[in-house]
Amino acid sequence: MSQEQINKRVEDALNSIEGIQSATLSPFFKTRIWAAISNREETENTWQVKPVLLIAVSVCLIIMNAILFTNLSYNNSTEKNIDQSSIAQFSKEYNLNTYTNNLYDIEQ
Amino acid sequence: MHLNNKHPFLPENTDFIELLKKADQEAFAQLVVEYQDHVFNTAISIVQHIQDAEDLTQEVFVQVFKSVKEFRGDAKLSTWIYRIALTKALEWERKKKAKKAISYFKNLVGLENNEQEVVDFYHPGIALDNKESAAVLFKALQTLPSNQKIAFVLIKVEGLSYQEVSAIMKKNIKSIEGLIQRAKSNLRQVLEKQYSK
């Protein structure tokens, strides 16, 4: 193909969209759009489509559990300490030996 | 009806926009009827597939319905709708390219064996005499950078004025003129290569 022919075809291609008509849709297309909007609203109202909310709730639950667990174990250890110190004090006052293995100490 | 001779945009009155914000079904139906062909015509020129363009048009209006409450009126309603349409169309293109790349990779590795043949796109609004030339032009259009492609489609296919396109693309008129010049020059190069084969 000569350069002249190529140029002509290029110009033809560039001019081919002169006078182009609009691509049109059916006037009933709005029904399809409305149906899509209604469908989306329905699915958005369900819990399934809100993973962000689910993740947030799960994180909250984990944090609350962690806090409760930490507090509980702290309380248990302090109660234990109090119990042991009060027993020790009691035994000291009445000159009692709290060590159980001493019961079998014959020499004492 | 030639595109360059029409501008049937709805009056940008605040009452109508208020009705849209209140999710008035009748107002929204009116908006769809008025703009659906503009959105479809823009989408089809970019994605170059009728079914995809229909789905895209649907997505655009769903987005418009969802976001109209946040429409502040800084731009015209038509400008805003065109922006949504273009954003969606470019997003659609990116996804399609990504899918193509994955499919190509799978073919290469041997996980998949379906060669996707490139089908010529025939714009429904093109006169029969120009059908073949226009198909070559639309194929060449796909090689342009996004900005040039958008400017070319809005001005040459959708028939908007430089002023309207500058508002849509948030660029001054000189920039739009530059984009059109570069688009034409790039298209000429691609077409020359195409016809030289």
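Only the coordinates and a few stated rules stand behind these numbers; no lab work does. The model shown is predicted, which means the values in this text are computed figures rather than measured ones. Ideal geometry is used to build each Cβ from the backbone, glycine not excepted, and the neighbour counts take in all protein chains shown.
Pairs of Cα atoms under 8 Å, at least six residues apart: use those to get the relative contact order of the stretch B:58-197, whole percent.
Value for the stretch B:58-197: 21 percent.
Which FRET efficiency, nearest 0.05, do A:LEU72 and A:ASN95 yield, Cβ-Cβ r, R0 30 Å?
With R0 = 30 Å, the Cβ-Cβ based efficiency is 0.25.
Taking the Cβ-Cβ separation of B:SER175 and A:LEU54 as r and a Förster radius of 51 Å, what is the calculated FRET efficiency to the nearest 0.05?
For R0 = 51 Å, the calculated efficiency reads 0.65.
Between rounded, prolate and oblate, where does the stretch B:101-197 land on the alpha carbon gyration tensor, with a ≥ b ≥ c its root eigenvalues, rounded for a/c under 1.5, else prolate if a/b exceeds b/c?
prolate
Could you pull the Cα extents of the protein assembly as shown along its three principal axes, largest to smallest, in whole Å?
Largest to smallest, the principal-axis extents are 125, 56, 37 Å.
What is the ratio of the Cα radius of gyration of the stretch B:14-195 to 2.2 N^0.38 Å, with N the residue count, to two decimals?
1.15
Please give the length that would be gained between B:ILE84 and B:GLU132 if that part of the chain were fully extended, namely 0.36 nm times their separation in residues minus their C-alpha to C-alpha distance (nm, one decimal).
Once the chain is fully extended between B:ILE84 and B:GLU132, it gains 14.2 nm.
Test of understanding: what is the full-extension gain from B:ASP120 to B:GLN51, defined as 0.36 nm times their sequence separation minus their Cα-Cα distance?
23.4 nm
Helix hunt in chain B: which complete DSSP H runs extend at least 20 Å axially by C-alpha with mean Kyte-Doolittle at least -0.5?
For chain B, where a helix must reach 20 Å along its axis and average at least -0.5, the hits are B:25-47, B:50-67, B:77-109.
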